[in-house]
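Right, one structure below, let's go through it.
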Amino acid sequence: MIAKNWEEAKKQVDEWKSSGLTVVFTNGCFDILHRGHVEYLSDAKACGNKLVLALNSDSSVQKLKGNPRPIQNQEDRAIILDALESVDLVVVFDQDTPFKIIQTLLPDVLAKGGDYTPETIIGADTVTSNGGEVKVIPFRTGYSSSKIIDKILNVK
């Protein structure tokens, strides 16, 4: 499911939580989907029953990554991610960090990749102070959208 807005996402998350399901939250750009992304999202989903993916908007990807990113627009990225078995809900956010959407959705579990530590994960305090937990998913080295882009650009 791709939420039209944060209110729709909040309603769905609240329904799942009231049904006793554990809601896991993660976020990212997911510009060019690769094996590392797919395995990471599967591992994040395994931390609960439902996985919410907060997707950086085009403008926030541009701020984070610079030109020419994103390669794929947010609508295309959302549709691709929504097609994955591990992803139950995609919601776009436009802020520099996911802090406000984490505060809005209040997931049971906040999952981030192994390139983070619990102390550096934005929103960790919000989740834990509301009875949730933070999970660091092991990082898979050798996979990145930037490396794929570089490889494409350097092929002659």
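Readers should treat all values here as calculations from the given coordinates under stated rules, not as data from a laboratory. Not measured: the values here are computed from a predicted model. Here Cβ is always computed from backbone atoms with ideal geometry, including for glycine, and neighbour counts include all displayed protein chains.
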For Lys17, give me every one of the lysines with a C-alpha distance below 17 angstrom, ignoring sequence neighbours fewer than eight places off in its own chain. Lys45, Lys50
Stretched fully, the stretch from Gln62 through Phe139 gains (0.36 nm per residue minus C-alpha distance, one decimal, in nm) 25.4 nm
What relative contact order, as a whole-number percentage, does the chain give when Cα pairs under 8 Å and 6 or more residues apart are counted? 28 percent
Derived scalar couplings ³J(HN,Hα) [region 111-125; Karplus, 6.51 cos²θ - 1.76 cosθ + 1.60; whole Hz; x for Gly, Pro]: 10, 9, x, x, 7, 10, 10, x, 6, 9, 7, 5, x, 4, 4
What order do you get for 100-112, 119-131 when each peptide is scored by the mean count of other beta carbon atoms within 10 Å, highest first? 100-112, 119-131
Counting only residues 5 or more apart in sequence or on a different chain, those whose built amide H sits under 5 Å from that of Ile137 are Lys112, Gly113, Gly114
What dipole magnitude, in Debye to the nearest 20, does the chain give about its Cα centre under +1 on Lys/Arg Cβ and -1 on Asp/Glu Cβ? 440 debye
Give the label of the value calculated from the structure for Cα Rg over 2.2 N^0.38 Å, choosing from (1) 1.01; (2) 0.96; (3) 2.03. (1)
If you place +1 on the Cβ of every Lys and Arg and -1 on the Cβ of every Asp and Glu, how big does the dipole about the Cα centre of region 52-139 come out, in debye to the nearest 20? 260 debye
Glu39 paired with Asn130, simple spin-label distance in nm, labels 7 Å along Cα-to-beta-carbon: 3.1 nm
Based on DSSP H runs of at least 4 residues, each adding -39500 (n - 2.57), what is the mean residue ellipticity at 222 nm of the chain after dividing by all its residues, to the nearest 500 deg cm²/dmol? -11500 deg cm²/dmol
